[in-house]
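The values are calculated or read from the model by the stated rules, or taken from the named source; none is laboratory data. On a predicted model such as this, the values are computed, not experimentally measured, just so you know. All Cβ positions, even for glycine, are placed from backbone atoms using ideal geometry, and neighbour counts span all protein chains on display. Surface areas here come from the heavy atoms of the whole protein model, side chains and all, with no ligands, DNA or RNA. Shrake-Rupley method; radii C 1.70, N 1.55, O 1.52, S 1.80 Å.
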Amino acid sequence: MLLLWLGRDRVTVLSSISLPVVAVPLDPLKPAAGRSAVASSGVACGTVSPPSPLMAQYWAIKDQYSDCLLFYRMGDFYELFFDDAVKAAAALDIALTKRGKHEGADIPMAGVPVHSHEGYVARLIRAGFKVAVCEQTEDPAQARKRGAKAVVAREVVRVITAGTLTEDSLLDARRPNVLAALAETGGGIGLAWLDITSGALTTEAPALPDLASVLARIEPCELLCAESWLQRPPFTSAADDWQARLTPLPAGRLDEQAGRRRLCELYGVAALDGFGVFVPAEVAAAGALVEYVHLTQKGRLPRIAPPSRQPRGAVMEIDAATRRNLELVRALDGERRGSLLAVIDRTLTGAGARLLLERLSAPSTSRQEIDARLDAVQWFAEDDATRGEVRGRLRRCPDLQRAQARLSLGRGGPRDLAAIRDGLAVASELRAVVSSTAAAGASGAPAALAGMLQGLGEHQALVERLEVALAAELPVAARDGSFVAAGFRAELDDFRRLRDEGRSLIAALQARYVEETGIAALKIRHNGVLGYFVEVPVKHTSRLPLAPDGPFVLRQSMAGAQRYATAELADLEARIGRAADEALVVELAVFEELAALVAEQADGIGTAAHALAALDLVSALAEVAVAGAWTRPLLDDSRDLHVQAGRHPVVEAALVEAGGGPFVGNDLTLDESRRIWLLTGPNMAGKSTFLRQNALIAVLAQAGSFVPAASARLGVVDRLFSRVGAADDLARGRSTFMVEMVETAAILNQAGPRALVILDEIGRGTATFDGLSIAWAVVEHLHEVNQCRALFATHYHELTALAAMLSSLACHSMRVKEWRGEVVFLHEVVPGAADRSYGIHVARLAGLPAVAIERAEEVLATLSSGEQSSAVTRLAHDLPLFAAAERRAARTAPLPASPSLLEERLLDLDPDALTPRQALDLLYELKNLR
Ligand code: ADP
Ligand code: MG
């Protein structure tokens, strides 16, 4: 399919199928110095002519935005030239055309229509580009006044980068969009991050070894850092996952002094001390961040709340591998589906969903804070009616934060004003509902809830103002007009009346012309080129009094009709146009007034938006808790972790969805005398599930949620580690065993006494003895050196011998029932060690050929008896696989001379021809034949 776009000055071919990209020589691009030399001297060498004024303007602008694709506005299109055009055409799969010549070579060009550019921008941003949007800042008519060759003035009005998006179409409504900056000064590193749509600015000064896990928690969409850092090893390894999102800045832009000045200016303060004690690198990072937003937004700034400092250790540190492993906010395939977040997310607003994601990514380590959050969840969990009412209202709540951000950046429209109106209206309704319930209750509202209620604030005046100002139907952009309600502004009503009267006067004029000419088919119509005109079918035109005798002047001849102008019509048209123009001027002024009103109350609105998100979050968590019969966890200062009948929410949900059996709840008791559990049992018995569910319970509890268990008590966890043996990481080009060991090393080096460590079959990725030895040493190290809480699942049941030596090690296993040679998994964790691995049983279940199974049993028997290495040597010389097969054949070959009844019956039955019912009957029959 081909799409033709008719622009003012050309036709562009856009295609939804792949078009071959035309290769165009790009030489004119390269010698930047040569370019300006030609431009300034005007001396052309050989056949090369000086650049056109348009190209000169293009280059003057492009040179300032060399790291961006320049969207250069020309009429109804944004055009890209030279290298930008080649890149964009390839990334967007649009045609690469050419326009004129530059220094003797064709200029490659690609363009996107202005009216649909957002979709293209979104794709370019996702592909890792930045886009500088360059608009025409004057009317072409104005430019012509300066001379026939004058170029329309243009200016970059915004730089669109991944971290500074505000449009709903470019953002995921349920994920925060975080812009972060990293600086190093004064001997430390500092991070600052900001979601420009919520205005929350946070800083932290992590230790360098923790940088990678802090970045994994923040998940920046764009990360600013000094150019000089790009080659520095400790940084490059920490930022490995973020390569595609880095925006390198000259080191001078990440300077403490400049940063401090920038922040003081932003908040109108003389010193930052009032906001907290920041290390120099945090100030540098936060300052650079604000400056970057300022530059990309061309001087405008969204509301940015004063920086809040996150002290080291304030949140549970979870490194990237653990996050991936536990599938907290993304499943292993990178999708939301299948993650913990997806299973527990019952929030109803985008802001609520974003807050939930933040909390799950950064569970708190402060008992007070966790308890306060849990109080609020409990309050809602215990009151179904209020929860229902609150959630009913939240359903109607628009995204206040993002609307506010767009308005503050001058990018908002009437619908954003409506979102502010509706969001604040919901806020006051919620305030009324919740406070009246709280007042009626015995104990009132818990502190966290009271804080939210206060945050919702009082915005009656603004809501009322917006209610009377805005019409019922609203356009996206203010310049489309018709969004101010009738009766709001007398002046506007007058212009509208004139405009509408004009329209009815035109109808009257048409009636009069019909009467005067006697041509019933005469019509007054309108189009974009001619404006208003009189249209008469060709067969009647002879009856029309033409100028100079009559009023009708021919404008256009069509196949079946002629179009005419009249002085009267032109008059009316001018009147309508003037009235419409003036109406629009008034509307735009009203828009600015309302936006200014919103801006005046920015802080209050921001606080209300956050309170709405928090209410959404706690009521949604209460909803999950009630629906899944979850309980409130008890936090304390011990180093225990007690869980009764704990469940894995994601596995449980999957079982329910698949209509599988019920999830078997399992207990866990970690305390000073049993700090480490060694869990043995066959594959598929539920070891991994059990390990992870306990880690998830800790995450959920500290995120402020109830947990899937009959009861849970835990001493706050400061760091969580989870590793799976032999996990594939081919994408990053490391051998699986290497990954396993690198990750294990990180744990043994970092886990302190408050850490919780989950090790799932570590040592699996190498030869048996190696693996066993490593696993052995790791358990000892955790027990003796790290002294942290740990769960270690292994199929090396030999490890259970360690229990005799290590006082705080307890052995548990997955209960398995053997029934007529088959293994049945009960998914139950019981004290004691598994005496065997049952690997061969699982292999049989998986359908390995009987010969192979039999051979495996033989090998196992040999290995289990006597000294293993010599047994292995013996095995290598002995009993090859085919020997077992031969023996098996020999055993079964000589059939008795006269087969038994049973054998006869067996010989002539055809299993494929049996129905299940017949097969069952046959079984009974065979049993009787014995
Ligand atoms: P292992 O790590 O021992 O090989 P998994 O933890 O991967 O076993 O569990 C295998 C499967 O068993 C899971 O996918 C799940 O379907 C089922 N399962 C595990 N634990 C339970 C449980 N407690 N209750 C019910 N089914 C379970
Ligand atoms: Mg497993």
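Of the strands (runs of 3 or more DSSP E) lying entirely inside the stretch 640-707, those containing at least 3 residues that are away from ligand 2 (no atom under 16 Å from the Cβ) span 641-646, 666-670. Please work out if Val152 is under 21 Å from the mean Cα position of the chain (by Cα), farther than 18 Å from Val290 by Cβ and at pLDDT 90 or above. Judged against the criteria, Val152 is not a match. In the stretch 913-921 there is no residue matching the filter, namely being open to solvent by 80 Å² or more (accessible area, probe 1.4 Å) and either within 16 Å of ligand 2 (Cβ to nearest atom) or modelled with pLDDT under 80 (or both). Kindly indicate whether Ala701 is away from ligand 1 (no atom under 16 Å from the Cβ), in contact with a strand residue (DSSP E or B) (Cβ under 9 Å, 6 or more places away or on another chain) and not β-branched (Val, Ile, Thr). Considered against the rule, which asks whether it is away from ligand 1 (no atom under 16 Å from the Cβ), in contact with a strand residue (DSSP E or B) (Cβ under 9 Å, 6 or more places away or on another chain) and not β-branched (Val, Ile, Thr), Ala701 comes out as yes. Which one is surrounded by the fewest Cβ atoms within 10 Å (Cβ to Cβ) among residues in the stretch 655-678 that are near ligand 1 (Cβ under 7 Å from one of its atoms) and of a type in the set (A, V, I, L, M, F, W, C)? Among them, the one singled out is Leu655.
In this structure, does Leu696 turn out to be in contact with a Lys or Arg (Cβ under 7 Å, 6 or more places away or on another chain) and within 16 Å of ligand 1 (Cβ to nearest atom)? Please lay out each step first, then the result.
Values: in contact with a Lys or Arg (Cβ under 7 Å, 6 or more places away or on another chain): no; within 16 Å of ligand 1 (Cβ to nearest atom): yes.
No; evaluated as a whole, the condition is false for this residue.
Checked against (1) of a type in the set (D, E, K, R); (2) assigned to a helix (DSSP H, G or I); (3) open to solvent by 10 Å² or more (accessible area, probe 1.4 Å), Arg336 passes all but a single condition, namely (2).
Kindly check whether there is at least one residue in the stretch 499-510 that is open to solvent by 40 Å² or more (accessible area, probe 1.4 Å) and among the β-branched types (Val, Ile, Thr). The answer is no; no qualifying residue exists.
Of all residue pairs spaced 6 or more apart or on separate chains, those with beta-carbon atoms under 7 Å, a first member in the stretch 89-110 that is farther than 17 Å from Leu70 by Cβ and a second member that is surrounded by fewer than 18 Cβ atoms within 10 Å (Cβ to Cβ) and basic (Lys, Arg) are Asp106/Lys98.
Of all residues in the stretch 84-99, those satisfying the criterion of being open to solvent by less than 20 Å² (accessible area, probe 1.4 Å) and under 16 Å from Arg126 (Cβ atoms) are Ala88, Leu92, Ile94.
So that you can scan it fast, the table gives a plain yes or no per residue for (1) part of a strand (DSSP E or B); (2) aliphatic (A, V, I, L, M); (3) farther than 20 Å from Leu165 by Cβ; (4) at pLDDT 90 or above:
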position: Ala44; (1), (2), (3), (4): no, yes, yes, no
position: Thr47; (1), (2), (3), (4): no, no, yes, no
position: Ala60; (1), (2), (3), (4): no, yes, yes, yes
position: Phe71; (1), (2), (3), (4): yes, no, no, yes
position: Glu79; (1), (2), (3), (4): yes, no, yes, yes
position: Ala89; (1), (2), (3), (4): no, yes, yes, yes
position: Lys98; (1), (2), (3), (4): yes, no, yes, no
position: Lys101; (1), (2), (3), (4): yes, no, yes, no
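Applying the criterion of at least 1 residues that are on the phi > 0 side of the Ramachandran plot to the strands (runs of 3 or more DSSP E) found wholly in the stretch 513-611 leaves 531-537. Does Ala207 satisfy being open to solvent by 20 Å² or more (accessible area, probe 1.4 Å) and under 25 Å from Ala132 (Cβ atoms)? When the stated conditions are applied, Ala207 does not pass them.
Identification of helices (runs of 4 or more DSSP H) wholly contained in the stretch 238-331 with 3 or more residues that are closer than 24 Å to Thr607 by Cα and in contact (Cβ under 8 Å) with a residue 40 or more places away in the chain yields 280-296.
Just to be sure, is Ser722 under 22 Å from Ala216 (Cα atoms), buried (at least 23 other Cβ atoms within 10 Å of the Cβ), of a type in the set (Gly, Ala, Ser) and within 16 Å of ligand 1 (Cβ to nearest atom)? Yes; evaluated as a whole, the condition is true for this residue.
Being out of contact with any Asp or Glu (no Cβ under 8 Å at 6 or more places or on another chain), polar (S, T, N, Q), crowded, with 20+ Cβ neighbours inside 10 Å and at pLDDT 90 or above is the requirement here; does Gln297 meet it? In short, yes.
Would you confirm whether any residue within the stretch 132-144 is within 26 Å of Ile196 (Cα to Cα), open to solvent by less than 30 Å² (accessible area, probe 1.4 Å) and among the aliphatic types (A, V, I, L, M)? Yes, that holds for at least one residue. The residues on offer are Val283, Val290, and the sole one that is at pLDDT 95 or above and out of contact with any Gly (no Cβ under 7 Å at 6 or more places or on another chain) is Val290. A single member of Glu582, Glu587 is within 55 Å of the chain's Cα centre (by Cα), open to solvent by 60 Å² or more (accessible area, probe 1.4 Å), under 19 Å from Arg496 (Cβ atoms) and modelled with pLDDT of 90 or more, and it is Glu582. Taking every residue in the stretch 679-692 that is over 13 Å from Ala834 (Cβ atoms) and open to solvent by 10 Å² or more (accessible area, probe 1.4 Å) and pairing it with any residue that is assigned to a helix (DSSP H, G or I) and near ligand 1 (Cβ under 6 Å from one of its atoms), at least 6 positions away or on another chain, the pairs with Cβ-Cβ distances below 9 Å are Thr689/Val651; Arg692/Val651. Contact annotation: residue pairs with Cβ atoms under 6 Å, 6 or more positions apart or on different chains, pairing a residue in the stretch 752-764 that is more than 10 Å from Arg719 (Cβ to Cβ) with a partner that is open to solvent by 10 Å² or more (accessible area, probe 1.4 Å) and within 16 Å of ligand 2 (Cβ to nearest atom), are Asp760/Ser688; Asp760/Val724; Arg764/Ala726. For the stretch 704-716, taking the residues that are crowded, with 24+ Cβ neighbours inside 10 Å and not hydroxyl-bearing (Ser, Thr, Tyr), the one that is farthest from ligand 1 (Cβ to nearest atom) is identified as Gly704.
Among the residues of the stretch 744-792, those that are among the charged types (D, E, K, R) and within 16 Å of ligand 2 (Cβ to nearest atom) comprise Asp760, Glu761, Arg764.
The set of residues in the stretch 825-866 that are open to solvent by less than 40 Å² (accessible area, probe 1.4 Å) and outside any helix (DSSP H, G or I) comprises Val829, Val830, Gly832, Ala834, Ser837, Tyr838. Residue pairs whose Cβ atoms lie under 7 Å apart, separated by 6 or more positions or on different chains, with the first residue in the stretch 462-477 and more than 9 Å from Arg421 (Cα to Cα) and the second in a loop (DSSP other than H, G, I, E, B) and open to solvent by 20 Å² or more (accessible area, probe 1.4 Å), are Val468/Phe488; Ala469/Phe488; Ala471/Ser482; Pro475/Ser482. Considering only residues in the stretch 224-237 that are part of a helix (DSSP H, G or I) and not acidic (Asp, Glu), the one that is modelled with the highest pLDDT turns out to be Ser228.
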